[in-house]
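What follows is a single structure, written as structure tokens, with notes after it.
The values are calculated or read from the model by the stated rules, or taken from the named source; none is laboratory data. What you see is a predicted model; the values in this text were computed from it and never measured. When we count neighbours, we look across all protein chains shown, and the Cβ atoms used for this are built from the backbone with ideal geometry, even at glycine. SASA here: full protein model, heavy atoms, side chains in, ligands and nucleic acids out. Shrake-Rupley method; radii C 1.70, N 1.55, O 1.52, S 1.80 Å.
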Amino acid sequence: MNAELIAVGTEILLGDIVNTDAQVISQGLSELGIDVFYQTVVGDNPERLERVIREAADRADIIITTGGLGPTLDDLTKETLARVFGKEMELDGSSLERIRTFFDRIGREMTPNNEKQAWLPKGCTVFVNEWGTAPGCAFEANGKHVIMLPGPPRECEPMFRQCAMPYLYPLAGGCIVSRNIRVFGLGESAMESRLHDLMESMHNPTIAPYAKVSECFARVTAKADSTEAAEALLAPVVDQVAAMLGEDVYGIDVDSLEQVVGDGLRARGLTLAVAESCTGGLLSKRITDVAGCSDYYLGGVCSYSNAVKRNVLGVRAETLEQYGAVSQETAEEMAAGVAHALGSDVGVGITGIAGPGGGTDEKPTGLVYISIFFNGECNTRRTVNTFGRDRVRNQAASTALDMIRRYILSENLH
């Protein structure tokens with residue numbers, strides 16, 4: 001079976017919001033083994049929406065819409081789909097009662113137009129919305145399956161997972177399973193070059209390289225009649241790809257580099273403190289985005305001025321005068337200083353020129369020094385990034401995390 005996704009909303013076309021629903025739904029359909037060949041975004045216009053629906057009905061087995069289920073006049077997804085597929089609309093009493101209960105609970109009056117959300121195609125399967133007011137629904141007509149979901153991601157994602165996927169499961173012919181091999185320190189083109197011959201020789205599973213901000217990943221995907229069969233196909237290929245990419249692999253099916261580092265620090269009973277200059281607290285932010293980071297993260301110092309470097313971190317005045325704030329020597333004293341000041345096992349020092357100005361021939365914009373202090377020694381790296389302030393800062397934070405992974409948490413060091 002194949003599906004087509006239709007996102008309804010002028011705000012998406014205007015660029016006011018990003019259509020994250022499509023990513024969530026496509027990933028879920030892939031898990032079910034349902035192919036997605038087309039994705040369409042259409043504004044809140046009934047004529048254009050009807051045209052898009054009719055085109056989808058000509059080429060897809062399953063049509064999934066997001067958005068246009070609200071109480072306002074321009075929310076016309078249900079009505080348009082019902083008209084295209086010859087369905088009558090009827091008031092669903094259970095949905096209306098849930099909407100009334102919702103407004104009672106939040107202490108607000110339910111306006112008459114909210115009743116519109118409880119009108120659904122006759123005979124449809126109702127998807128209860130536990131995260132908002134608009135119910136979703138599904139029906140079959142003319143050999144096609146139609147699913148309607150609300151647009152807000154906080155409602156769409158859980159409803160798709162908990163309502164739509166179980167509805168679709170009996171329709172799925174086989175399944176697709178993917179494993180993501182996450183890489184830092186190797187560019188997309190270099191990764192593709194290493195894997196090129198293997199990629200060309202593989203048909204099931206397949207291997208595809210992808211680039212993200214400051215890192216890459218290789219996705220290995222297998223299609224089979226069952227999840228177990230797909231995983232059996234995947235296992236040897238995933239091992240082979242990971243071996244070919246070597247120490248640049250920081251995890252398989254992991255959330256993030258900061259998650260891997262945090263788990264490693266926790267497992268080894270190590271604590272961490274960071275001193276940041278050009279990254280301005282970005283590394284601390286990424287570390288503390290991970291739930292449970294208080295197990296290993298003691299704190300950080302955002303040391304933009306030389307006075308803070310001297311008075312809080314203990315960077316020597318002679319170091320700053322002789323080598324400058326952006327130098328290997330300063331980064332190392334920042335790393336050791338924050339570890340001593342906060343009493344941590346591991347200290348990180350980052351100093352650099354994020355730009356867009358401030359660079360010189362000797363110290364260009366994008367130059368960053370990153371130092372990791374552990375067991376009385378510093379491991380320091382010099383990087384230069386020319387892709388703008390945000391990339392400089394993100395790359396520096398990621399590099400610091402990767403250095404901890406490689407030089408402190410690496411299994412061959414324990």
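So the values come out like this:
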read-out: Rg over Rh, two decimals, region 1-52 (C-alpha only, Kirkwood Rh); value: 1.02
read-out: Calculated SAXS-style log₁₀ I(q)/I(0) at q = 0.10, 0.12, 0.18, 0.22 Å⁻¹ - region 56-143, Debye, Cα scatterers; value: -0.26, -0.37, -0.78, -1.11
read-out: Pair residue 255, residue 212: separation of 7 Å Cα→Cβ label points (nm); value: 1.2
read-out: Of every Cα-Cα pair in the chain, the percent that sits beyond 38 Å; value: 42
read-out: Per residue solvent-accessible surface (Å²) - region 43-160, probe of 1.4 Å; value: 47
read-out: 20 Å cut-off, amide nitrogen to a point 7 angstrom out along residue 11 Cα→Cβ, residues in region 33-51; value: 40-46, 49
read-out: Most to least accessible of 194, 182 (protein chains only, probe 1.4 Å); value: 194, 182
read-out: Prolate/oblate/rounded call for region 278-407, Cα gyration tensor, a/c under 1.5 rounded; value: oblate
read-out: Carbon and sulfur %, accessible surface of the chain computed with the full protein complex present, 1.4 Å; value: 48
read-out: Gain in span if fully extended, residue 73 to residue 200, counting 0.36 nm per residue against the direct Cα distance; value: 40.5 nm
read-out: Residue among 222, 334, 410 farthest towards the positive dipole end of the chain, charges placed on Cβ; value: 334
read-out: Hz values of 3J(HN,Hα) by residue in region 86-101 - Karplus curve (6.51, -1.76, 1.60), Gly and Pro given as x; value: x, 9, 7, 9, 9, 7, 9, x, 5, 5, 4, 5, 5, 5, 4, 4
read-out: Size of electric dipole in the chain: Cβ of Lys, Arg +1 and of Asp, Glu -1, about Cα centre, debye, nearest 20; value: 560
read-out: Lysine pairs within the chain, Cα separation less than 21 Å, 8 or more sequence positions apart or different chains; value: 11
read-out: Rounded to 10°, Cα long-axis angle of helix 227-245 versus longest principal axis of the chain; value: 30
read-out: Simple spin-label estimate for residue 180 and residue 239 in nanometres, 7 Å along Cα-Cβ; value: 2.4
read-out: In range of the label at residue 384: residues from region 341-362 whose backbone nitrogen is under 18 Å from the point 7 Å along Cα→Cβ; value: 351-362
read-out: Relative contact order computed over the chain (Cα-Cα under 8 Å; 6+ residues apart), in percent; value: 10
read-out: Simple label model, 7 Å out from Cα along Cβ direction - residue 18 to residue 154, nm; value: 1.8
read-out: In Hz, Karplus ³J(HN,Hα) per residue of region 69-74 (6.51, -1.76, 1.60; θ = phi - 60°; x = Gly, Pro); value: 10, x, x, 8, 5, 8
read-out: The chain - Cys residues lacking any other Cys C-beta under 4.7 Å; value: 156, 163, 175, 216, 278, 293, 302, 378
read-out: Percent RCO, i.e. relative contact order, over region 198-275, from Cα pairs under 8 Å lying at least 6 residues apart; value: 16
read-out: Distance between region 114-150 and region 226-241 - C-alpha centres, whole angstrom; value: 37
read-out: Estimated translational D of region 1-109 in µm²/s (Stokes, Kirkwood radius over Cα pairs; 25 °C; 0.890 mPa s); value: 159
read-out: Rel. contact order, % - alpha carbon contacts under 8 angstrom, at least six apart, region 298-370; value: 25
